[in-house]
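Enquirer: Right, I'll just put the structure down here and ask away after.
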Amino acid sequence: MTTEPVTAEELRETIARQFGRSLHIRTLDTGSCAVCEQEIRLLAAPHYDLHRLGFFFTPAPRHADLLLVTGPMIRAFEVAARKTYDAMPGPRVVVATGACALGGVYPEDPFTNGNAGAVLPVDVWIPGCPPSPLALLHGLGVAVGRLAEKVRDRSFIAPLYPERAVGDS
Amino acid sequence: MTLWFIRGIRRGVVTTRYPARPDASAIDLPTPPAFRPRELTRQVADGVVAVCPSSALRRDGDVLVYDVGACTACGRCAAVAPRAVTSSGEFELAATGRSVLIKRIPIGEEAP
Amino acid sequence: MTPLDLLYAAGAAWLAAALAGLLLARTPAGLRACCALSALGGAAAAAGGGWSLLYGDTAVVSPGGATVTGGPLQLQATSLAGVFTALLGVVAVAIACFAPRYHEPSPGTGWYLAAYNVALLACLGVLAAGGMVTFLVAWETMSLACYLLILRHPRSGESARGAFWFLALSEAGFLLVVAAFVILSAKTGATSLPAIAARAASVPGGWRAAAYLLALFGFGFKAGLVPLHVWLPEAHPVAPADGSAFLSGVVVKLGIYGIALFAFRLDPPTGTWPGLVTMGGGAVTAAIGILYAMAERDIKRFLAYSTIENAGIIVTAFGAAMIFHASGQQALWTFLLIAGIYHVANHGCSKALLFLEAGVTEHATGTRDMDRLGGLIRRLPRSAVIAFTGTLGIAALPPLNGFVSEWLIFQGLFQGFRAGSHLTGILIVLAAATLGLTGGLAVYAFVRGFGIPYLGMPRTRQAAAASEAGQPVIGPGLLAVACVALAVGAPVMLAALSRAARTVTGVSLGPLLLPGKLTVIPAHADFSAFSPTYLAVFLVCALAVPVLIYLAGRPRARSVTVPVWDGGIVSFRPRMQYSAMTFSAPTRVTFDALYRPAVSVTRQADHDPAGRSGPVHYEAQVTPVFQRYLYRPAVRALEWLADLVRPVQSGDVNLYLLYVFAVILLAYLLGAV
């Protein structure tokens, strides 16, 4: 087991060097409705094909570089989630995805922690309910430093005279 | 089996080229809303806050606090206030900090 | 001085031990004295048996002109019986070391030990019998003594039933054995075994075949051949642990000795088909034995079925030997005899060991049910190590003894292409394939048999509370040492066995079998070769290599200790483990045509609208196929016959007078003729 990188710069460098072309993802369902899991599973299908980008799924946290967390981190799952994270050798990245894991859908439910960040140190947050496979690919790209964050610059203020028709979501 | 193979050859490669090139199907995705501050009166703001099922919208004085991370793209806020809310069309929403996803939209002002 | 003198000493010691048991076993000191005498007898028997391997056959002796029920008492120490006698001695010594710590001194124990030592004496009588009458009397005495042995707790219905099965099938076998001996004796006109053997060639073929078949079935009852095996799983669980060890380790082997006696010494068949029947029966026995073992939760029943399996393997080897003899392949005939007898010694030691350990487990935890045990390796560490040695030996895993003898048997069977016709060759290969299946299943079964009770977490409080204090260790330990010695000393053993086999078959395999000091070649030089000693040494060294690499590399590589990845389980519960029945479920599902399980599932609250159910009760019973479809109809037929004959005993005095008159008339007429 190698030592974990200390500074953010080191982490970025390590990630780009080690994970840029091959990343092993371990998915963790902490009590979701499993629709996020379906979208994640679609990633391996021919249309999105995450293998062409060098990402792979692995069931063993010992072989994993990235932990993809879905679900609102129910209390019954805390120990298992912590154990999974502890079993991953460094350097490791935690990605929380889906509105549940980001603290949206069940923020005050007594049986959940509300969001994944309450138990695990999350590095990348991917919104969506469920996040489409394209959003997931973008998020994974951000996690390995290949793609840039765009949401930081986006203010979500719509132009006054939009080109699109109203009410089509 | 042969039919399936021939059909596949004729359709060609269906794998998307994303992220190297934009994906054509992205236009059909349900996406979180974008707000127009001019149409967003206090009343409209309270209306969309009340109707949001996943606590993504909150009113904090003169500001609509909009948590993109909590949004489920259900479309209720757009249904209630179609002039104030439109679909943003943004799906590349990954962020490295949770606070980056919380936007503050001023109520009742001109767009900057 | 001949080996027979040592056997006399053993017999005297055992007689004294029986008396001591009867009179003295109420006190701890008396119990120890009785066991010491028994051990002395065992040592003498072991020495005598080992010596007679090398000495050859002694002359038939009738000490002091003594007679047994009208026939002369004829004793002879033969080399064929040598291994069996040595095994008897070793097991007796081990049990003698085991018994003082296992039994409580009481009058019941006194009776038990007396019966046990009489049984030892009777077994010695069978093995040292030089004449037909001596053999039969000793055999019957052994059966009766073993019956008393099994019936340690006469008040218990279960105990009585198990002992009854043993007695009933022993008597059935005895009738057939008497018939076989009587045929041979009448046709050759002799009663001493060497004389019968010398004149056997003059007996007409039909009678010889009949005698052999009767002997096969008669001794098959004792040896545990399917479908004559039914007493084994019934009698072993109810007998005390050392009684079961004696039964499986020695008594079953006596059945095999009887078959070997008829097949190799008295009545070597000339045609192929007796050998085919023997081999087929043996192969079927082996497969069915281990399959039934997979479905057992009771440790002793499980071991009993494994005994049946191994008896099948040995009998298969003997059958193939007979086929080779009929095709003129004398070297292979002798070789398979040697391999079969080697397996007798190996299995006897391993199985006795495992039964003694089952007794230790039962003593320490109060249960024989595998599903109530677990984690015993931490609570009974020495017993676990010894049991593991026995398990390796039984499952025929290198480098221990079972592997050597099974390898030899397989090598002999693989040479089936040298047998006469193509059909015979194919049948021999089929038998080898069946033994292969058996071997694989045996490993599976014994992983279960050792893993479920000894490894993992304790499944009940009794298992967690087991302690090694006061448990017998020397007795089983002795057998473990014997197992290792039989493996590492295989060349020595094989040299002795080939000398013994030369006396029986006249073929000397020594130089063919052991060209170097440590390598074994099965009968034909162009086939294969193997050295058990080198294998044992190599395996130990190979296991040491990773350890050495770790020790050498450890200072240089910085390592972090983290908990084992266990799937994120919060806390382990004993119920999360495999149970004995779930571990064997794949086998039971695959072979369910054999088991025919009767499954009953009852569910409380079946009509809950939400679909929830209360506790589910699931029960699956293996159908006792042989009892139900073979023995019960046979018993019913017998009862029907008895009903038919009942009117003869009507109770009417006039009818009885008529009988008397009719018999007198008949005698008069016959006398006149």
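The numbers here are math on the coordinates, done by the rules we state, and not lab data. What you see is a predicted model, and the numbers here were worked out from it, not measured in a lab. Using ideal geometry, Cβ is built from the backbone for each residue, glycine included, and neighbour counts are taken over all protein chains shown.
Enquirer: Counting each DSSP H run of 4 or more residues in chain B as -39500 (n - 2.57), what helix-only mean residue ellipticity at 222 nm follows after dividing by all residues, to the nearest 500 deg cm²/dmol?
Expert: -6000 deg cm²/dmol
Enquirer: So how tilted is helix C:3-24 from the main axis of chain C? Cα-based, degrees 0 to 90, rounded to 10.
Expert: The answer is roughly 70 degrees.
Enquirer: Provide a whole-number value for the mean count of partner chain Cβ atoms within 10 Å of the Cβ atoms in peptide A:147-154.
Expert: Other-chain Cβ atoms within 10 Å of each residue's Cβ, averaged: 6.
Enquirer: Another question, if that's okay. What list of ³J(HN,Hα) values in whole Hz, one per residue of region C:532-543 in order, does the Karplus curve 6.51 cos²θ - 1.76 cosθ + 1.60 (θ = phi - 60°) give from phi, with Gly and Pro shown as x?
Expert: Once rounded to whole Hz, the list reads x, 5, 4, 4, 4, 5, 4, 4, 4, 5, 4, 5.
Enquirer: Oh, and also: Across peptide B:12-24, how many C-beta atoms of other chains are within 10 Å of each residue C-beta, on average?
Expert: 3
Enquirer: Modelling each spin label as a point 7 Å along the Cα-to-Cβ direction, I'd like the residue B:15/residue C:457 distance in nm, to one decimal.
Expert: 4.6 nm
Enquirer: Moving to a separate point now. So what's the angle, to the nearest 10 degrees on a 0 to 90 scale, between helix C:132-150 and the longest Cα principal axis of chain C?
Expert: Compared with the principal axis, the helix lies near 40 degrees.
Enquirer: Beyond 10 Å, what share of the Cα-Cα pairs of region C:91-131 is found? Please give it as a whole percent.
Expert: 74 percent
Enquirer: Moving to a separate point now. For chain C, with the dipole built from +1 on Lys and Arg beta-carbon atoms and -1 on Asp and Glu ones, taken about the Cα centre, which of C:618, C:262, C:465 lies farthest toward the positive end?
Expert: Of the candidates, C:465 comes out farthest on the positive side.
Enquirer: Right, another one. Considering every residue in A:120-127, what mean count of other chain Cβ atoms within 10 Å of its Cβ is obtained?
Expert: Per-residue shielding by partner chains comes out at 5.
Enquirer: Would you kindly work out the equivalent ellipsoid of region B:29-106 from its C-alpha gyration tensor and give its semi-axes, the square roots of five times the eigenvalues, largest first in whole Å?
Expert: 18, 14, 11
Enquirer: So what is the calculated 222 nm ellipticity per residue for chain C, using -39500 (n - 2.57) for each DSSP H run with n of 4 or more, over all residues, to the nearest 500 deg cm²/dmol?
Expert: -22000 deg cm²/dmol
Enquirer: Please turn the phi angles of region C:36-51 into ³J(HN,Hα) values with the Karplus equation 6.51 cos²θ - 1.76 cosθ + 1.60 (θ = phi - 60°), one per residue in order, whole Hz, x for glycine and proline.
Expert: For region C:36-51, the Karplus curve yields 5, 4, 4, 5, 4, x, x, 4, 4, 5, 4, 5, x, x, x, 5 Hz.
Enquirer: Additional query: Hey, how much of the P(r) for the protein assembly as shown falls beyond 55 Å, as a percent of Cα pairs?
Expert: Counting every Cα pair in the protein assembly as shown, those more than 55 Å apart make up 39 percent.
Enquirer: Follow-up. Take each uninterrupted DSSP H stretch in chain A, measure its Cα extent along the helix axis, and return the ones at 24 Å or beyond whose mean Kyte-Doolittle hydropathy is at least -0.5.
Expert: Answer set is empty.
Enquirer: Which of the peptides C:176-182, A:124-130 is most tightly packed, and how do the rest follow, judged by the mean count of other Cβ atoms within 10 Å per residue?
Expert: Going by the mean number of other Cβ atoms within 10 Å, highest first, we get A:124-130, C:176-182.
Enquirer: Moving on. With the alpha-carbon atoms as the only input, what is the per residue convex hull volume for region C:385-541 in Å³?
Expert: Normalising the Cα hull of region C:385-541 by residue number yields 150 Å³.
Enquirer: If you don't mind, another one. Using helices alone, I'd like the mean residue ellipticity at 222 nm for chain A: each DSSP H run of four-plus residues gives -39500 (n - 2.57), total over residue count, nearest 500.
Expert: Helix-only estimate at 222 nm: -7000 deg cm²/dmol.
Enquirer: I've got another one for you. Distances over 22 Å make up what percent of all Cα-Cα pairs in chain A?
Expert: Everything past 22 Å amounts to 46 percent.
Enquirer: Tell me the angle of helix B:42-51 to the major Cα principal axis of chain B, expressed in degrees between 0 and 90 and rounded to the nearest ten.
Expert: 50 degrees
Enquirer: Now for a separate question. Where Rh is the Kirkwood radius over the Cα pairs of region C:303-410, the temperature 20 °C and the viscosity 1.002 mPa s, what D in µm²/s does Stokes-Einstein return?
Expert: Answer from the Stokes-Einstein relation: 141 µm²/s.
Enquirer: OK, next. Using amide H atoms built in the peptide plane, which far-off residues or other-chain residues are under 5 Å from residue A:101 H to H?
Expert: For residue A:101, the qualifying residues are A:71.
Enquirer: In what sequence, highest mean first, do C:246-258, C:2-14 appear when ranked by Cβ atoms within 10 angstrom?
Expert: C:246-258, C:2-14
Enquirer: I've got another one for you. With N residues in region A:84-148, what two-decimal value do you get for its Cα radius of gyration over 2.2 N^0.38 Å?
Expert: For region A:84-148, the normalised Cα radius of gyration is 1.18.
Enquirer: Show me, for region C:384-394, the HN-Hα J-couplings you get by feeding each phi into the Karplus relation (A = 6.51, B = -1.76, C = 1.60, θ = phi - 60°), rounded to Hz, glycine and proline as x.
Expert: Coupling constants for region C:384-394: 5, 4, 5, 4, 5, 4, x, 5, 4, x, 5 Hz.
Enquirer: Moving on to the next point. So what's Rg/Rh here for chain C, counting alpha carbon atoms and using the Kirkwood radius for Rh?
Expert: 1.01
Enquirer: To continue, here is another question. Hey, can you grab everything whose amide H is under 5 Å from the amide H of residue B:34? Only 5+ residues off in sequence or another chain; H modelled, so Pro and N-termini drop out.
Expert: Close amide H contacts, sequence-distant or interchain: B:86, B:87, B:88.
Enquirer: Taking H placed 1.01 Å from N in the peptide plane, check which residues at least 5 places from residue C:520 or on another chain put their amide H under 5 Å from its amide H.
Expert: Answer set, sorted by chain and number: C:530, C:531.
Enquirer: Expressed as a whole number of Å, what is the distance separating the alpha-carbon centroids of region B:45-112 and region C:183-220?
Expert: About 103 Å separates the Cα centre of region C:183-220 from the one of region B:45-112.
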